[in-house]
């Protein structure tokens, strides 16, 4: 085998290995309960810090309900309804605890709270599909 071919195969193997590693490290971001937790955390930060988001509140509430429904549907595929409800309550409380920790440590004027506020705006602008 020529050295160039060997180097190319080594490069391809390293690239594929890196891609597999990156997908495995970030796949949790596609899970529906994680997405629902992001919604709850953003909503909690906006409400605790008293940010005026009244123009987006109704749209955000619709999107939170949709995210909750999708997370519940995903959980119901593997567990009972009671366990799924308990898991969503746990996701909500974890998200609120994380936000409360950031706010108590850094205050409402910190960049992390601003990011949560920005996430609120972005999530409010999403358009969930209309049910049939």
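Quick check on residue 55: is it more than 19 Å from residue 126 (Cβ to Cβ), more than 20 Å from the chain's Cα centre (by Cα) and in a helix (DSSP H, G or I)?
No, not satisfied.
Every residue, every condition in (1) under 15 Å from the mean Cα position of the chain (by Cα); (2) modelled with pLDDT of 90 or more; (3) closer than 20 Å to residue 53 by Cα, yes or no:
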{"site": "68", "(1), (2), (3)": "yes, no, no"}
{"site": "75", "(1), (2), (3)": "no, no, no"}
{"site": "84", "(1), (2), (3)": "no, no, no"}
{"site": "98", "(1), (2), (3)": "yes, yes, no"}
{"site": "101", "(1), (2), (3)": "no, yes, no"}
{"site": "107", "(1), (2), (3)": "no, no, yes"}
{"site": "121", "(1), (2), (3)": "yes, no, yes"}
{"site": "130", "(1), (2), (3)": "no, no, no"}
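The values are calculated or read from the model by the stated rules, or taken from the named source; none is laboratory data. Just so it is clear, the structure is predicted and the values come from calculations on it, not from any experiment. Note that we place each Cβ from the backbone using ideal geometry, even for glycine, and neighbour counts take in every protein chain shown.
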